[in-house]
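Okay, structure first, notes after.
Every number in this text was worked out from the coordinates using simple rules, so none of it is lab data. As the structure is a prediction and not an experimental result, all values here were calculated from the model. Cβ coordinates were reconstructed from backbone atoms using ideal geometry, including for glycine residues, and neighbour counts include every protein chain displayed.
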Amino acid sequence: MGVCKALLRDHVLFDVITEKDLEKNLRNYEVLVLPDVASMTKKECALVTQFVNDGNGVVASYRTSLFDENGKQLQNLGLEEVLGASYIGSEKCVKGHDSYMCVKETHPVTEPLRRYLYLPST
């Protein structure tokens, strides 16, 4: 709910899509937000990878793509190449609720977002 709250707070229009929408509707979007989407299939990871390779952006948080569709933890993130990040084997525990990051600098991924937009950090 943190991502939704942050987007709503900053009056950013967004859609919530399901796994079924990945194949059909991604062409309608420029940025895909994956807030702790821990379990992803290889096919879903491939679709997200193609989405990014087509010039679009992805913002992912926490354990996104760390588990397969059966809940089995992977050795590394399924989206490792796309995210440019690796799982180091431990997680930082964040206590509390409504912990946010603020977009202050532009980056190709955050370019469509306006500066000083608040994104949940958990």
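With θ set to phi - 60° and the Karplus curve 6.51 cos²θ - 1.76 cosθ + 1.60, what are the ³J(HN,Hα) couplings of the range 48-65 in order, to the nearest whole Hz, using x for Gly and Pro?
Once rounded to whole Hz, the list reads 5, 4, 5, 4, 5, 4, 7, x, 9, x, 9, 10, 10, 9, 6, 9, 3, 6.
What list of ³J(HN,Hα) values in whole Hz, one per residue of the range 11-19 in order, does the Karplus curve 6.51 cos²θ - 1.76 cosθ + 1.60 (θ = phi - 60°) give from phi, with Gly and Pro shown as x?
Once θ is set to phi - 60°, the couplings for the range 11-19 become 6, 9, 6, 8, 10, 9, 10, 10, 4 Hz.
Please list, in order, the residues from the range 20-55 whose amide nitrogen is less than 13 Å from a point placed 7 Å along the Cα→Cβ vector of Leu74.
37-50
Would you please give the residues with an amide H less than 5 Å from that of Val33, counting only those at least 5 places away or on a separate chain, with H modeled from the backbone geometry?
Sorted by chain and number, the residues that satisfy this are Val59.
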